[in-house]
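Enquirer: I have a structure I would like to understand better, so I am pasting it below and will then ask my questions one at a time.
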Amino acid sequence: MGIRTDMAVESAEHLGGNLPKGVTSEEVIIDGITLKIDIKDNEASEKLGKPIGQYTTIDASSIRRHVDGIPGEVGALSESLMQMIPKEGSVLVAGLGNSDITPDALGPKIIGQIFATRHIPAETISQGGLDGLREVCAIATGVLGQTGMESAEIISSICNRLSPSVVIVVDALACSSINRLGSTIQVTNTGISPGSGVQNKRKELSQESIGVPVIAIGVPTVVDMTTIAHEMFEMQGSASAKEISEKGRTMMVTPREIDVIIDRAARLVALGINSALQPTLSVQDIECLVG
């Protein structure tokens, strides 16, 4: 059975630890445990089912532990982003997903907490002692069924008008391990194919498709029933998942506290993005400015 996941680390794990030539894996400590996977050639890309590029996985267990305050994962995400984004130029942050469906509402929730600066007059910035602010704009694209437009079409049109140096897209992901639900952040410089993990693949968002570098950030919020059953059968010594009904094969599962997870993950990811884009400001300053 093919394992459905948006997570590069899980694609590597399902190879049994035997990483193909062209794939490197490195565990580092950046305010917490992070795992970096680099896919370097087409053969490795085909074996893992992921585009060539860099994937950073951050352990964000504080989301599920309901930790108050500002977790260390903010620093890990900020540092990972700063290693991928251009040092200069304006930035477009785009939130993908459907705000009316809780497990898919991560993108829109994050956009509401991004420190957008493009509209602030230079005089106001100077008077406020905020010299050095990077130009940032943000948009929640909605979904095709709401807008009649693909997210890729909306973002591409904005890029043609504003010419940002990079696009940061944020979205909910699917994973294959229950332990990673709502407790992991993936950052990649390969872009994203929205909905691919839930069998609703939309137009790709990447430098090749829109002409601007695309950094994708995601938190897994769902796992499909077939994958859960497959994991359970393996634990019981069975290699078959044929007993799953057809309805079960299309069922996506999410934690019962998903509303809390989405709120906490949105705050954490937004703080990480804001900190990476405005390194002269403290996290406390950013929270005050965003309100």
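Bear in mind these aren't lab numbers, they're just calculated from the coordinates by the rules spelled out. All values reported here derive from a predicted model rather than from experimental measurement. Cβ atoms come from the backbone with ideal geometry, glycine included; neighbour counts cover every protein chain shown.
Enquirer: Past the 26 Å Cα-Cα mark, which pairs from K40/K87; K50/K203; K40/K109; K36/K87; K47/K87; K109/K203?
Expert: K40/K109; K47/K87
Enquirer: Take the Cα gyration tensor of the chain, multiply each eigenvalue by 5, square-root it, and list the three semi-axes largest first, rounded to whole angstrom.
Expert: Taking √(5λ) for each eigenvalue gives 32, 20, 20 Å, largest first.
Enquirer: Measure off 7 Å from each Cα along the Cα-to-Cβ vector at D131 and E88, then give the distance between these two points in nanometres to one decimal.
Expert: A separation of 1.7 nm, rounded to one decimal place.
Enquirer: Can you tell which of E73, E204, E88 shows the greatest fluctuation in a Gaussian network model of the chain with Cα springs below 10 Å?
Expert: E88
Enquirer: Something else about it: To the nearest 20 Debye, how big is the dipole of the chain about its Cα centre, given +1 on the beta carbon of each Lys and Arg and -1 on that of each Asp and Glu?
Expert: 400 debye
Enquirer: For the chain, what does the helix formula give at 222 nm: sum of -39500 (n - 2.57) over DSSP H segments with n ≥ 4, over the residue count, nearest 500 deg cm²/dmol?
Expert: So the calculated ellipticity at 222 nm is -9500 deg cm²/dmol.
Enquirer: Picking from P279, P103, P213, which is most flexible by a Gaussian network model of the chain using Cα springs under 10 Å?
Expert: Among P279, P103, P213, the largest GNM mean-square fluctuation belongs to P279.
Enquirer: Provide the FRET efficiency to the nearest 0.05 for the I178-D263 pair, computing r from the beta carbons and using R0 = 30 Å.
Expert: 0.90
Enquirer: What percent does the relative contact order of the chain come to when contacts are Cα pairs within less than 8 Å and at least six residues apart?
Expert: The normalised contact order for the chain reaches 22 percent.
Enquirer: Identify all aspartates and glutamates with a Cα-Cα distance to K21 below 13 Å; exclude those on the same chain that are fewer than 8 residues away in sequence.
Expert: Within the straight-line cut-off, K21 pairs with D38, D41, E43, E46.
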